[in-house]
1. From the list B:ALA49, B:ALA41, pick out the single residue that is in a helix (DSSP H, G or I) and in the same structural domain as B:ALA219 (by TED's automatic domain parsing).
2. Checking A:VAL127 against (1) part of a helix (DSSP H, G or I); (2) open to solvent by less than 50 Å² (accessible area, probe 1.4 Å); (3) of a type in the set (A, V, I, L, M, F, W, C), which single condition isn't satisfied?
3. Would you say B:ILE102 is crowded, with 20+ Cβ neighbours inside 10 Å, within 10 Å of another protein chain (Cβ to nearest Cβ) and in contact (Cβ under 8 Å) with a residue 40 or more places away in the chain?
4. Of the numbered conditions (1) within 14 Å of chain A (Cβ to nearest Cβ); (2) within 17 Å of A:GLU181 (Cα to Cα), B:GLY110 satisfies every one except a single condition; which is it?
5. So, in segment A:189-211, of the ones that are within 14 Å of chain B (Cβ to nearest Cβ), part of a helix (DSSP H, G or I) and not aliphatic (A, V, I, L, M), which residue ends up most open to solvent (accessible area, probe 1.4 Å)?
6. Here are B:MET145, B:MET169: which of them is under 27 Å from A:GLN290 (Cα atoms) and more than 9 Å from chain A (Cβ to nearest Cβ)?
7. Could you check segment A:239-293 and list, in sequence order, the residues that are among the polar types (S, T, N, Q), in a helix (DSSP H, G or I) and free of Cβ contacts under 8 Å to residues at least 12 places away in the same chain?
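The values are calculated or read from the model by the stated rules, or taken from the named source; none is laboratory data. Keep in mind it's a predicted model, so treat the numbers as computed, not measured. Virtual Cβ from ideal backbone geometry, glycine too; neighbours counted across all protein chains shown. Ligands, DNA and RNA are excluded from the accessible area calculation, which covers all protein heavy atoms including side chains. Shrake-Rupley method; radii C 1.70, N 1.55, O 1.52, S 1.80 Å.
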Amino acid sequence: MAFGPHLLLAALEGLVQAAVLALTALGLSLVFGVMRVVNVAHGEFFMLGAVLAWGVTTAVSGHPALGFAAALVVAPLAVGAVALLSERLVLRRLDYNPEATIVATIGLLYILQQAALTFYGPEARPVVPPFNIRLQLPWFGYSAYKLSVIGASAVVLAATWFVLARTRIGLVMRATQYDREIATAFGIPVERVYAGVFALGAMLAAVAAVLIVPISQAHYLMGADPLLLSFIVVIIGGLGSLRGTVVAALLIGLSDGIVSVFFSPTLAKIIATLAVALVLVFRPQGLFGQAAR
Amino acid sequence: MPDALRLTDVDAFYGQIQVLRGLAFELRAGEVLCLLGRNGAGKTTALKAIMGLVPAAAGSIRLGDLELTDLPAHEVPKAGVAYVPQGRRLFAELTVAENIEIGLNARKKGPAVAESVLTLFPILRERWRQRSGTLSGGEQQMLAMARALCLEPAVLLLDEPTEGLMPSMIARIRDTVAELRGRGVSTVLVEQRVDAVLPVADRVAFIENGRNRETVDVARLRAEPELVRRYVGVG
């Protein structure tokens, strides 16, 4: 394959990664931005979404699209419910203390991981994509499903932006993010907002997992990579910044796709880590984050 | 006059440190009561205890017949108590319009209330789409008061509203407090400078070490300026 088409193929692969990464990282970024909680268990919500997607698609008979559509609804809702329960039983009892919640979410990570191992097993299991269409470009054929992942992520990102920027609940979330105490003094039930944000963050990870699982596979240890990459994206983009998260996910996803295809996946990870180091040294608030005042 | 707000033997702590020690005072309906005292006397904590932001460990805080200490903090503003914190503490990344909307949402008030409030601070209309963090100090103070007044509160708590403002703006804030009294709003005003409160307060409570040492009419304060030296340390 000539260089141009090869580059296009690598860029498309990178875009698919970037789309899924943007959703996952946005969940992590929202939770930190609003609650100041570093959710180390975020990758496990991703894993849970993938495992549940496998469960739902296996349980629903008929056309694969039916099972997939059901998974797209059921898995995020179920993961959101688990997140709500975790917020109520763990984070709220720790009064959202930043240090204590890091330790607590590490514990949550192991609980979710071991629960998946116990009830789902150690095997990596495939999920059938909802449709199998190959788009024939002039230079190569490409999966229509992969392109639809990019489109679906864009829709979910746009919807999240709309909720945050244009609705009353978004205004309440932003006010809570900027000043928890004053938000309370203006009648905002901060604990309920936190519960909602934690569930929303987990649901975004679950949606990302459902979208990607027909391309990869569901496995109980699959949460580590998305967690690491999400942290990289969130640090580069700026904590709590939706725009920064999307831009950083595009940068990391595309560079990962292109460098992996032309050189090696290891070099792609080295570049991403180097980018984080550079951002931390020269612009610690991230590309689009607010400097601490 | 009936009491709008009554604190009885209120204790409050920051961790292990006791800040309020049996604090008691009453705010009469339609009056401006000033809390005067040195730094660390417990004035700001008293306001936060009323708002439920610092829990009252003992005692009672009654808004009319309603016991505020029984409510979760986010229900206190819904009962009709509005708070203008020290240092304004606007949502700096939000626009003027969004800060006003937060105030309106607190008690489900409509745009007519915002219109009425903006007659007091017309400059805010010109800044409507501006991020509140970019306003001048005086404009920020006006917005902080406007945001609180959007609750149409029965009781307004003002924590050092003149801090860091130029004299013309201080006079403007004083006039606004006086106008609010005319509209029937009962106000607790925390200040450190006696000259800032004498023109507008009806009574002054001297707070020292978390207790109310003495509450006096402004007329008596004018007649006995040594009271200020005794409790605040300056004339």
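1. Unique residue meeting the criteria: B:ALA49.
2. Tallying (1) part of a helix (DSSP H, G or I); (2) open to solvent by less than 50 Å² (accessible area, probe 1.4 Å); (3) of a type in the set (A, V, I, L, M, F, W, C), A:VAL127 fails exactly one: (1).
3. Criteria met by B:ILE102.
4. Condition not satisfied by B:GLY110: (2).
5. The extreme case among them is A:ARG192.
6. Checking each option against the conditions leaves just B:MET145.
7. A:THR266
Yes/no matrix, rows are residues, columns are (1) under 21 Å from the mean Cα position of the chain (by Cα); (2) surrounded by 20 or more Cβ atoms within 10 Å (Cβ to Cβ); (3) within 14 Å of chain B (Cβ to nearest Cβ); (4) not polar (S, T, N, Q):
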| site | (1), (2), (3), (4) |
| --- | --- |
| A:LEU137 | no, no, no, yes |
| A:GLY141 | no, no, no, yes |
| A:ALA154 | yes, no, no, yes |
| A:ALA159 | yes, no, no, yes |
| A:VAL163 | yes, no, no, yes |
| A:ARG166 | no, no, yes, yes |
| A:ILE182 | no, yes, yes, yes |
| A:ALA224 | yes, no, no, yes |
